[in-house]
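Trainee: Below is one structure. I have some questions about it.
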Amino acid sequence: MPSLQSALPPELANNAIRLYRECLRRAKYIGSKQHNTALLVDMVRQQFKKHMHETNPDKIQKLKDDAARGLINHMLHESEKMTGRKFSQGS
């Protein structure tokens, strides 16, 4: 299965620190709209800290793909809200 990271800019997808920062930015953005910024930022931080000592390349790739999936889902959601057009197949 191809990596989901190909949907992100390479400078973001190939760098865990940049991916972490972008996830934090999205958490702050979503949190500011839903009034739960601290909770969302803490969730992102916990997930990255939980896996920061991972050394298995396959596991690291899966974790990065999961983070990329979250970012892509948020971008699609925001695009749908802005355009009023549904991009995803599900409900």
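The values are calculated or read from the model by the stated rules, or taken from the named source; none is laboratory data. All values derive from a computational prediction rather than experimental measurement. Cβ coordinates were reconstructed from backbone atoms using ideal geometry, including for glycine residues, and neighbour counts include every protein chain displayed. All accessible areas refer to the heavy atoms of the entire protein, side chains included, with ligands and DNA or RNA removed. Shrake-Rupley method; radii C 1.70, N 1.55, O 1.52, S 1.80 Å.
Trainee: Name the pairs whose Cβ atoms lie under 6 Å apart, with the first residue in region 28-44 and closer than 16 Å to residue 70 by Cα, the second small (Gly, Ala, Ser) and outside any loop (DSSP other than H, G, I, E, B), and 6 or more positions between them or separate chains?
Mentor: Final answer for the pair search is 40/27; 40/31; 41/27; 44/27.
Trainee: Can I ask one more? On the basis of being under 30 Å from residue 86 (Cβ atoms), open to solvent by less than 60 Å² (accessible area, probe 1.4 Å) and at pLDDT below 85, does residue 27 make the cut?
Mentor: So residue 27 fails the test.
Trainee: Moving on. If I filter region 5-12 for residues that are of a type outside the set (A, V, I, L, M, F, W, C), more than 17 Å from the chain's Cα centre (by Cα) and either at pLDDT below 80 or open to solvent by 50 Å² or more (accessible area, probe 1.4 Å) (or both), do I get at least one hit?
Mentor: First, pick out the residues of region 5-12 that are of a type outside the set (A, V, I, L, M, F, W, C): 5-6, 9-11.
Pick out the ones that are also more than 17 Å from the chain's Cα centre (by Cα) and you get none.
No, region 5-12 contains no residue that is of a type outside the set (A, V, I, L, M, F, W, C), more than 17 Å from the chain's Cα centre (by Cα) and either at pLDDT below 80 or open to solvent by 50 Å² or more (accessible area, probe 1.4 Å) (or both).
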